[in-house]
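What follows is a short report on a single structure.
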Amino acid sequence: MLSSRLIPRTAVRSALRSQSSLPTVLSPVSRWRRGYASQAEEKDLVIIGGGVAGYVAAIKAGQEGLKVTCIEKRGMLGGTCLNVGCIPSKSLLNNSHLYHQILHDTKNRGIEVGDVKLNLQAMMKAKDTSVTGLTKGIEFLFKKNGVEYIKGTGAFASEHEVKVALNDGGETSVIGKNILIATGSESTPFPGLEFDEKRVVTSTGALSLEKVPEKMIVIGGGIIGLEMGSVWSRLGAKVTVVEFLDQIGGPGMDNEIAKQTLKLLKKQGMEFKLGTKVVSGDNSGETVKLEVDSAKGGKSETLDADVVLVAIGRRPYTAGLGLENVGLEVDERGRVVIDSEYRTKASHIRCIGDCTFGPMLAHKAEEEAVAAVEYIKKGYGHVNYGVIPSVMYTHPEVAWVGQSEQDLKKDNIPYKIGTFPFSANSRAKTNLDTEGMVKMIADPETDRLLGCHIIGPNAGEMIAEATLALEYGASTEDIARTCHAHPTLAEAFKEAAMATYSKAIHY
Amino acid sequence: MFATRVLRQAAAHGAERTPMIRFIGKRSVPSQVDHSPQPHPASPTGSLPSGNGNSHTSFSSYRDAAQQHGPLRKSIGNTSAAKLGPVEPPRGMYWDRNELPERFRRSPLTLAEIEAIETGGAAMFG
């Protein structure tokens, strides 16, 4: 082969050139061209998606001095979480809880109220005000940190170029040294039931119903289903939750806590059909009809409802992103395949958040956003996937971090347990809000904290202490010997820790 | 932890308990970080993005997927260098730079560059 490149100086080169077997190199930009300025400014980082993963990465990158562009097609920053997820649902959960409490839980507190009415439109407006305030806040933070914000739909044109179809019409393109995919997730559809967001709804539709349905069926007894089911149950709907498994709460929730949650939600009026499979659905009549069957086989029945919420999970959203244009791969569940530094096979293209591995949680996406930018800028980052808390914002709240008792049993890991009920906690007593408990799981030899599971008032806030302890590798004795203010709900947390290696004082 | 450390110090005998929370000192920036691709901790299969060096079991399979200015031609690497003959041209023969791949050739000068060189750069400010 080399001999074909050996050419006598005097040979007729043009004749030989046509026979050359040397590879031809094609480049979109002619290498003969010598410019004194580049055509378009190359960004250090281009982020596709302005959800929690994308916007946090954009702000962090701005803070680190990178030239950064964030592309978002919704027209509002914050993604699912801020616009149609965590934030609006928490607004409805909080306000519906207040409404429910005013209706049913005032007399024994010495408060007499008159005629209590629900103004759903005003409740929705309060929700929208919270959402708008927060999304505008992110736009402000973008400006503050020098982040360029493009409203449009981004798709890979090449490994370094993202074409953007602008929301206002027209097209532009952005070139980035690094590109971050943060396109999030969408609700998994139920086969045979088409979403119209009026009668067959995803969590998005369930956040904006125009009136309180008389009957509502929730398919899926995970966190989203139980939170939205709680909202509409408190506002007056008869809610039935249909769950395929024999337990509610989804993966990770401790069995003992899940059972207690089920009991408390039933007490609040929600109905549950566990171990039940939805076979088919029919949306053609006045109500939506569902054929359900025992998951283990057996009797079938027909359920009907004004609104059916499908909450069977979420799936990564990468449609229209042009992954195929750059040869990026997704796994069998549609997650972009990455390595431990969030790199795809093209090492300058990284992916974080719901559209890749790990739990689909906003706080996990935030951690990844900071880590990914640090990998780009500094070469190292940190996310501990073993210490990511989960919270269900029902009432009482349910929160957990680390390993559950069933996890440890399955893996044959020795453990010991300490529990403390809120009924023995002074603050919970004064609040007349005593349902629930703290369950602490520790290593039997060292007392090292392995997991913490809380059902009770303020569990979502309290889990932060367990997360910190777990991240630092604390023992339950370390927790129990740390002074906790009195009277607080957090004392229940301390006493549960104490109960793992000794005895709780107040129980 | 402070409280248990105090207890520990106070313990005059035997079974001392070591607190598990300890301050590990000033933050230090790692001087060397291994950036070789490792599976993502939350990956269910522990696999790496394909096309990544580490996911190939042999050099040959790496070459099949490797990219350098487009896909690498497998034919370029499938003959051993020894069989290709000497690298030095035989006596009286020379390598011709213009027969090398485009990226190794001289870049032609533009008229503006020629002028800039000929005027010692003065043309650029004229």
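The values are calculated or read from the model by the stated rules, or taken from the named source; none is laboratory data. Remember, it's a predicted structure, so these values are computed and weren't measured experimentally. Cβ atoms come from the backbone with ideal geometry, glycine included; neighbour counts cover every protein chain shown. Heavy atoms of the whole protein, side chains included, go into the accessibility calculation; ligands, DNA and RNA do not. Shrake-Rupley method; radii C 1.70, N 1.55, O 1.52, S 1.80 Å.
Some observations on this one:
- Cross-link table A:K378/B:K26; A:K60/A:K127; A:K60/A:K364, entries beyond 25 Å C-alpha to C-alpha: A:K60/A:K127
- Rolling a 1.4 Å probe across all protein chains gives B:S50 an accessible area of roughly 50 Å².
- Taking the C-alpha atoms only, the angle from helix A:86-104 to the longest principal axis of chain A is near 10 degrees.
- Applying a DSSP loop filter and a limit of 15 other Cβ atoms within 10 Å to the GluC sites (Glu not before Pro) in region A:37-109 leaves A:E41.
- Total lysine pairs in region A:400-507 at Cα distances under 24 Å, for residues eight or more apart or on different chains: 12.
- Ordered by solvent-accessible area of protein heavy atoms (1.4 Å probe), largest first, the residues A:L361, A:L134 come out as A:L134, A:L361.
- Within a straight-line Cα-Cα reach of under 16 Å, A:K177 can be paired with the following aspartates and glutamates, leaving aside sequence neighbours fewer than 8 residues apart in one chain: A:E41, A:E42, A:D44, A:E64, A:E148, A:E159, A:E161, A:E374.
- For chain A, the pair-distance distribution built from all alpha carbon pairs, in bins 10 Å wide starting at 0, is 4, 16, 23, 24, 18, 8, 4, 3, 2, 1, 0 percent.
- Rounded to whole numbers, the Karplus 3J(HN,Hα) couplings from phi for region A:300-311 are 10, 8, 10, 10, 9, 7, 6, 9, 10, 9, 8, 10 Hz, using 6.51 cos²θ - 1.76 cosθ + 1.60 with θ = phi - 60°, and x at Gly and Pro.
- Rounded to 10°, Cα long-axis angle of helix A:255-267 versus longest principal axis of chain A: 60 degrees
- Annotation: A:C452 carries an accessible surface of approximately 0 Å², with a 1.4 Å probe and no ligand, DNA or RNA atoms counted.
- Counting Cβ atoms of other protein chains within 10 Å of each residue's Cβ and taking the mean over peptide A:341-347 gives 5.
- Distance in nm between pseudo-label sites at A:I505 and B:T119 (7 Å out along the Cβ direction from Cα): 8.9 nm
- Test item: B:95-107 mean partner chain Cβ contacts at 10 Å: 4
- Computed from Cα positions, the angle between helix A:52-63 and the longest principal axis of chain A comes to roughly 60 degrees.
- Karplus-derived HN-Hα couplings along region A:245-252 (A = 6.51, B = -1.76, C = 1.60, θ = phi - 60°), whole Hz, x at Gly and Pro: 7, 8, 9, 8, x, x, x, x
- Area of A:L98 that stays accessible when all protein chains are in place (1.4 Å probe, Å², to 10): 80 Å²
- Computed from phi, the 3J(HN,Hα) profile of region A:324-338 under the Karplus parametrisation 6.51, -1.76, 1.60 (θ = phi - 60°) reads 5, 5, 10, x, 7, 9, 10, 7, 5, 9, x, 7, 5, 7, 9 Hz, with x in place of Gly and Pro.
- Relative to the Cα centre, the charge distribution of the protein assembly as shown, modelled as +1 at Lys and Arg Cβ and -1 at Asp and Glu Cβ, gives a dipole magnitude of about 1480 debye.
- Residues whose amide H falls under 5 Å from that of A:S280, counting only those 5 or more places apart or on a different chain, are A:E291, with hydrogens built in the peptide plane.
- Partner aspartates and glutamates whose Cα lies under 19 Å from the Cα of A:K125, excluding those fewer than 8 positions away in the same chain, are identified as A:E197, A:E210.
- Over 19 Å apart at the Cα level, from the set A:K273/A:K299; A:K73/A:K136; A:K67/A:K143; A:K90/A:K198, are A:K90/A:K198.
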